[in-house]
Amino acid sequence: MTEQPRRSMLSADGVTAPLRHSVFRRIWLASLLSNLGLLIQGVGAAWAMTQMTSSADKVALVQTALMLPVMLISMPAGAIADMYDRRIVALISLAIALSGATALSVLAWLGLITPQTLLAFCFVVGSGMALFGPAWQSSVSEQVPAETLPSAVALNGISYNIARSFGPAIGGIVVATAGAVAAFAANAVLYIPLLVVLFLWRRTNEPSRLPRERLNRAIVSGVRYIANSPSIRIVLARTLVTGVLGGSVSALMPLVARDLLHGGAQTYGIMLGAFGMGAVVGALNIAEVRKRMSGEAAIRACALSMGGAIVAVALSREPVLTAAALVVAGAAWMLAVALFNIGVQLSAPRWVAGRSLAAYQASIAGGIAIGSWGWGHLTDQVGVETALLVSGALMFASPVLGLWLHMPPVGARNEDAEMLADPEVQLSLTARSGPLVVEIEYRVAQENARAFHNVMQDVQLSRQRSGAYGWSIARDIADPELWTERYHCPTWLDYLRQRNRATQSERALHLQAIAFHLGPDPIRIRRMLERPFGSVRWKEESPDIAANEVLPIASAAAGSSGT
């Protein structure tokens with residue numbers, strides 16, 4: 001290796017830079033072993049199903065059973081990761097997966113495995129990993145500096161795909177020599193190192209000044225944030241489509257090995273290994289791809305490459321040619337899902353990082369689960385070759401989606417802004433007092449009306465992302481320079497959370513809106529309590545139902561950023 005590539009690999013954006021940090025390095029190496037065990041179990045489960053039934057539908061359902069929990073419980077898992085200590089959440093989730101793998105091993109050893117019990121315990125293992133994923137991925141930013149976060153995300157993808165390169169081949173050998181029970185037991189054993197390193201990690205926990213949200217409220221907050229974030233919505237939609245169309249490769253791989261290549265468990269493991277090896281190649285080139293191509297161009301190239309590779313897998317009857325096509329498919333798949341992951345990681349602020357990553361996981365896993373079920377049904381009707389040809393053709397055509405869902409540019413991580421002091425009030429409020437109504441008055445020159453209104457559309461999304469509802473902007477018909485922004489928060493505590501969730505870019509947006517305000521009078525903010533009787537302790541000596549506040553120009557930025 002020349003000096004220049006060596007410096008590149010060790011630079012802040014080099015792919016190996018995060019490994020300089022000991023906590024990340026230990027967790028990464030342990031997760032590599034855990035991923036290896038999961039892939040070995042996957043080979044054992046898929047091959048065990050092919051031995052118990054000839055139905056392509058049930059073979060594909062193994063992949064669905066592992067991935068469906070991610071789609072079903074990702075958002076609660078993400079909320080839990082944001083609400084509680086992510087290290088503890090990760091330990092509990094790994095314990096669930098370990099229990100499922102252990103039970104599966106015992107039942108297989110006793111000869112009590114049926115297609116139904118196999119799918120059920122694959123679902124349990126998948127549920128543990130679904131709970132683990134958001135806590136693990138959102139904690140990466142706590143293990144490395146912000147400038148190495150994209151490389152850390154890429155390395156986590158490499159971890160899985162190094163395991164994918166060797167795990168299936170090892171799994172094929174294990175299954176061929178010792179049976180599926182050995183594959184299930186290997187997975188259980190390889191969870192232990194990750195449990196140990198997470199237990200020893202002394203995570204710095206920064207307690208919130210405000211009480212923890214309830215789970216249902218946290219889920220709603222996460223959904224609201226995503227619904228009001230156009231860039232994340234686009235990434236999730238493209239992720240779902242890629243999962244549905246590209247899921248045929250993993251779902252139908254046992255049938256490719258058995259029916260198209262006429263091989264056994266070892267052939268199946270080698271084919272999965274080729275796919276994983278390609279994925280490692282793709283992950284190692286993520287930084288270079290991000291430098292040279294826009295997000296849309298990169299995703300388009302990945303879709304075209306993978307579509308062509310899937311068609312080649314369908315038509316090939318030679319293991320060497322199939323393996324070569326799977327290397328290309330693996331590289332394109334890894335590049336696409338890693339670019340989606342990085343886009344979400346760098347867009348979401350810390351307070352909702354777990355929920356945003358959970359939505360990403362639900363999109364990719366849900367796409368694979370739905371696609372696996374669909375490709376299995378199609379294979380029962382028309383055969384493996386035709387199903388793969390359909391998948392390849394649809395993947396090849398998928399870049400057309402970019403005309404409507406253009407991939408957003410991905411920049412630096414959107415960091416949280418400083419916490420704001422609580423506003424002064426004259427009422428005796430409780431955490432549950434509400435709803436709260438906030439009104440902000442701006443005085444804007446008439447020639448700037450259109451520009452101000454355009455900025456306020458972005459302000460609307462930023463307010464709603466952080467928890468506000470019922471947002472509106474109104475213009476006084478008797479005084480056209482006077483504009484009133486109005487929105488609601490469910491309770492006083494929700495309002496305190498909402499005003500402190502703004503990121504640095506959102507605070508800058510709020511400052512941009514304030515810049516339209518004409519002096520000399522400052523903007524005026526009113527915070528009013530709806531339905532005050534019964535919502536607070538009403539006192540005769542406190543007749544006002546609102547705390548009206550006039551912010552001086554010097555502090556308008558801090559006050560109105562969270563209002």
*Counting only residues that are more than 21 Å from the chain's Cα centre (by Cα) and hydrophobic (A, V, I, L, M, F, W, C), which one in region 267-284 is surrounded by the most Cβ atoms within 10 Å (Cβ to Cβ)?*
LEU272
*Say whether the condition of being under 18 Å from ILE368 (Cα atoms), in a helix (DSSP H, G or I) and touching a Ser or Thr at 6+ places or on another chain (Cβ under 9 Å) is met by at least one residue in region 313-320.*
no
*Name, by its number, the condition in (1) surrounded by 19 or more Cβ atoms within 10 Å (Cβ to Cβ); (2) within 20 Å of MET456 (Cβ to Cβ); (3) at pLDDT 75 or above; (4) hydrophobic (A, V, I, L, M, F, W, C) that does not hold for LEU529.*
(2)
_Kindly evaluate GLY330 against the criterion of being touching a residue at least 24 places away in the same chain (Cβ under 8 Å) and surrounded by fewer than 24 Cβ atoms within 10 Å (Cβ to Cβ)._
no
*Please specify each residue of region 83-100 satisfying the condition of being buried (at least 17 other Cβ atoms within 10 Å of the Cβ) and of a type outside the set (A, V, I, L, M).*
ARG86, ARG87, SER93, GLY100
_Pairs needed: first member in region 138-157, under 20 Å from VAL352 (Cβ atoms); second member anywhere, in a loop (DSSP other than H, G, I, E, B) and acidic (Asp, Glu); C-beta distance under 8 Å; at least 6 residues apart or different chains._
ALA146/GLU415; PRO150/ASP13
*What are the residues in region 90-143 that are at pLDDT 85 or above and aromatic (Phe, Trp, Tyr), if any?*
TRP109, PHE121, PHE123, PHE132
*Determine whether region 285-297 contains at least one residue that is in the same structural domain as ARG355 (by TED's automatic domain parsing), over 30 Å from THR503 (Cα atoms) and under 17 Å from the mean Cα position of the chain (by Cα).*
no
*In region 22-48, what residues are at pLDDT 85 or above, crowded, with 21+ Cβ neighbours inside 10 Å and either in contact with a strand residue (DSSP E or B) (Cβ under 7 Å, 6 or more places away or on another chain) or β-branched (Val, Ile, Thr) (or both)?*
ILE27, ILE40
*Scan of region 344-369 for residues that are within 10 Å of GLY222 (Cα to Cα) and surrounded by fewer than 24 Cβ atoms within 10 Å (Cβ to Cβ), ordered by number*: TRP351
*Hey, any hits in region 381-392 for a residue that's assigned by TED's automatic domain parsing to the domain that holds SER127 and acidic (Asp, Glu)?*
yes
*Out of LEU378, LEU339, LEU346, sole residue that is free of Cβ contacts under 8 Å to residues at least 24 places away in the same chain and part of a helix (DSSP H, G or I)*: LEU378
_Condition met for ALA397 (part of a helix (DSSP H, G or I), in contact (Cβ under 8 Å) with a residue 40 or more places away in the chain and under 30 Å from ASP521 (Cβ atoms))_ = no
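The values are calculated or read from the model by the stated rules, or taken from the named source; none is laboratory data. All values derive from a computational prediction rather than experimental measurement. A quick note on method: Cβ atoms are made from the backbone with ideal geometry, for glycine too, and the neighbour counts reach across all protein chains shown.
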